[in-house]
Amino acid sequence: MGVPLAGGGEQCLATFLDRPNRFVAVVQLADGTITKAHIADRGRLVETLQPGVCICLVARPGAKRATQWQAAAAQRADGSWASLDTLLPNRLMKRVLAAHLITELPVYTDVRSEVNVGASRFDFVLTGGPQDVILEVKSAGRLHPDATTASVPDAPSSRAARHVDELATLASQGQPTVLVVVAQASVTRTAIDGDIDPVLASAVRNARAAGVHVVGVSARFDRNGLYFEHTVPCIIHHSPNP
């Protein structure tokens, strides 16, 4: 089961030149034309978007769009592809949840997206069981050198920590809550990177103690899209002391 890259559309390979801000990539097309493409990933991507790398663009035409392309994937030195589309995990999880592919979850019959619970909005609410289940998805797009672990984030994220704190508060009140960390790669585990974001790592540790169920997902990624494989452990990662 999978979802197409950047929602589907015509693809084009280009050379990455520059990133003047977090939303825009300056690229050179095969015919030499220099143009701009939208970047959905707000992370730093310093290991991925190096000048000269090959990136995959997906056509996103529209009269009101500032750019007509979305930068959807970047090619690594080994020839594999890294996703630049942080919305892919949510699109994939909507289909995965509807198909009941994650057996660790409590019983439910229906899936609702982008639901307000109190003053907060969560990615999904699973209904139809003994209790509703609040579920939040995080994208682990940073692949470690050993290629067995994908982590989140690649830059500190107060928003992510706040979402996890909100899950913990609900869990402490008896509300079933789940954090799903989706790797955009085939891995044996996902991780919260405590070196990059110790606040988020602490929030996840506290959330687990409060009763939040944390699940990792391995999902194969290529230029066609993102494909669910299976669940994996999710750890709190810290680099070993030198």
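No lab work stands behind these numbers, since they all come straight from the coordinates. None of the values given here were measured: they were computed from a predicted structure. As a convention, Cβ positions derive from the backbone with ideal geometry for all residues, glycine included, and neighbour counts pool all protein chains shown.
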- Query: Can you give me the Cα centroid spacing of segment 121-135 and segment 1-42 in angstrom?
  - Reply: 35
- Note on the structure: Listing ILE55, ILE196 by rising number of other beta-carbon atoms within 10 angstrom, fewest first, gives ILE196, ILE55
- Task: For LYS138, list the lysines whose Cα falls under 22 Å from its own Cα; do not include residues on the same chain fewer than 8 positions away.
- Result: LYS94
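Would you mind ranking HIS230, HIS237 so that the residue whose beta carbon has the fewest other beta carbons within 10 Å leads the list? Intermediate values should be presented prior to the final figure.
On the way: HIS230 11, HIS237 18.
Fewest-to-most ranking of HIS230, HIS237: HIS230, HIS237.
Counting only helical runs of four or more DSSP H residues, what would the 222 nm mean residue ellipticity of the chain come to if each run contributes -39,500 (n - 2.57) and the total is spread over all its residues?
Working: 3 runs with 39 residues, N = 242.
Mean residue ellipticity, 222 nm, calculated: -5000 deg cm²/dmol.
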- Hey, what did segment 1-124 get for relative contact order, percent, Cα under 8 Å, at least 6 apart? 21
- Message: For segment 88-237, what does the relative contact order come out to in percent, with C-alpha contacts under 8 Å and a separation of six or more?
- Response: 21
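With a ≥ b ≥ c taken as the square roots of the eigenvalues of the C-alpha gyration tensor of segment 92-221, please select rounded if a/c is under 1.5 and otherwise prolate if a/b is larger than b/c or oblate if it is not?
Oblate.
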- Message: From the phi angles alone, apply the Karplus equation (6.51, -1.76, 1.60; θ = phi - 60°) to segment 124-138 and give each ³J(HN,Hα) in whole Hz, x where the residue is Gly or Pro.
- Response: 9, 10, 9, 10, x, x, x, 9, 4, 10, 8, 10, 10, 10, 10
- Task: Calculate the dipole size of the chain relative to its Cα centre from +1 charges on Lys and Arg beta carbons and -1 charges on Asp and Glu beta carbons; express the result in debye to the nearest 20.
- Result: 460
- Message: Applying a 10 Å radius around every beta-carbon, put 182-193, 134-145, 21-32, 217-228 in order of their mean neighbour count, most first.
- Response: 182-193, 134-145, 217-228, 21-32
